[in-house]
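The values are calculated or read from the model by the stated rules, or taken from the named source; none is laboratory data. From a predicted model like this one, the values you see are computed outputs, not experimental measurements. Here the Cβ positions follow ideal geometry from the backbone for every residue, glycine too, while neighbour counts run over all protein chains shown.
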Amino acid sequence: MSNLATRTITGIAIVLLVIFSAVLGRYVFASFFLLVTILGMWEFYTLLERAEIRPNKILGVVAGAFLFVSNALVSLELAPLNVLLFNFLLIFFVFLFELYRNLPNPFTNVAFTFFGLLYVAVPFALLNYLPNPAFESGVYNHNIVLGFFFLIWVNESGAYLVGSSMGKHKLFERVSPKKTWEGTSGGGVLCLITAAVISIYYTELSRLSWMVMGALVVIFSTYGDLFESMFKRSIKAKDSGRILPGHGGILDRFDGVIMAIPFIFVYLLWVSI
């Protein structure tokens, strides 16, 4: 099977998993992205080991999983807001455990353990609040989640198709030699058109909000792709992992999502207050 066919099949499978997890309800959605968070954290720390950095992989993954679960419980109204305070205790355990590991460059190890939490766990934890940005009791709007992912997928697919067919001018050659201005612009235009169409059917948000979300996705999902490319180049890795045939790893597939979620979350929270 060709790489394009493998990539297409895997891409369709990921799309269906995200859609079904969102539509089947808040518990399935949270469970699915808890798994994605754990795999992404493990993948990130494993990549760092290639660069002879030794983050506290086990504690980092446990802390990342708890960060996600605690936010999921709050968003599901199954736990009070103060349960989030326990995340601070896990952060300080990273310091304590490093004392007993007896490894070189302990502060580098600690810093990158924290960075894994910030880069992977925090964005996915914020994803729990997307179906209910106004924090209304009993509300779960899966259309907001689906709309967000549709924007991500259209932007990425549009950039890939336009860039591969007519891309000539490099966007950021030092970091990502294949990414072009033509591809980025093409994906951006398609993303904004998609935002306008989504606003007709998903009326939980105004047209203006969907257009702003589309613009945020175009900007920050692109930066997410560039950042992950820079990270992989710095440790001389082609892909972040091999778990997704044709796509690489979790970070390869969700890099745009990871960078865009915090900005989408802040915007939706801001307009909902």
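Quick check, is S209 in contact with a helix residue (DSSP H, G or I) (Cβ under 7 Å, 6 or more places away or on another chain) and touching a residue at least 40 places away in the same chain (Cβ under 8 Å)?
yes
This table checks each residue for (1) of a type in the set (G, A, S); (2) free of Cβ contacts under 8 Å to residues at least 12 places away in the same chain; (3) surrounded by 22 or more Cβ atoms within 10 Å (Cβ to Cβ).
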position	(1), (2), (3)
T113	no, no, yes
L127	no, no, yes
A134	yes, no, no
Y140	no, no, no
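Which residues, taken from segment 220-238, are closer than 19 Å to T37 by Cβ and in contact with a Gly (Cβ under 6 Å, 6 or more places away or on another chain)?
Of everything in segment 220-238, those that are closer than 19 Å to T37 by Cβ and in contact with a Gly (Cβ under 6 Å, 6 or more places away or on another chain) turn out to be S221, G224.
Checking T203 against (1) assigned to a helix (DSSP H, G or I); (2) more than 20 Å from the chain's Cα centre (by Cα); (3) surrounded by fewer than 19 Cβ atoms within 10 Å (Cβ to Cβ): exactly one of these is not met. Which one?
(1)
Take G163 and decide whether it is assigned to a helix (DSSP H, G or I), more than 18 Å from L48 (Cα to Cα) and in contact with a strand residue (DSSP E or B) (Cβ under 6 Å, 6 or more places away or on another chain).
So G163 passes the test.
Just to be sure before I move on: is I198 touching a Gly at 6+ places or on another chain (Cβ under 9 Å), β-branched (V, I, T), within 24 Å of N128 (Cβ to Cβ) and surrounded by fewer than 22 Cβ atoms within 10 Å (Cβ to Cβ) in the structure I sent?
Here the answer is no, as I198 does not meet what is asked.
Taking segment 166-193, which residues are part of a strand (DSSP E or B) and either within 20 Å of R253 (Cβ to Cβ) or within 23 Å of the chain's Cα centre (by Cα) (or both)?
Those that are part of a strand (DSSP E or B) and either within 20 Å of R253 (Cβ to Cβ) or within 23 Å of the chain's Cα centre (by Cα) (or both): L171, F172, S176, P177, K178, K179, T180.
Going by what's in this entry, would G163 be described as surrounded by fewer than 22 Cβ atoms within 10 Å (Cβ to Cβ) and either assigned by TED's automatic domain parsing to the domain that holds L192 or touching a His at 6+ places or on another chain (Cβ under 8 Å) (or both)?
yes
Evaluate the following for F29: is it modelled with pLDDT of 90 or more and closer than 23 Å to P262 by Cα?
yes
All but one of (1) more than 14 Å from the chain's Cα centre (by Cα); (2) of a type in the set (D, E); (3) buried (at least 19 other Cβ atoms within 10 Å of the Cβ) hold for D225; state the number of the condition that does not hold.
Here D225 clears every test but (1).
Just for segment 232-273: of the residues that are over 23 Å from P177 (Cβ atoms) and of a type in the set (F, W, Y), which one is modelled with the lowest pLDDT?
The residue in question is W270.
Mind listing whichever residues of segment 123-148 are in contact with a helix residue (DSSP H, G or I) (Cβ under 7 Å, 6 or more places away or on another chain) and farther than 19 Å from L78 by Cα?
P123, V145, L146, G147, F148
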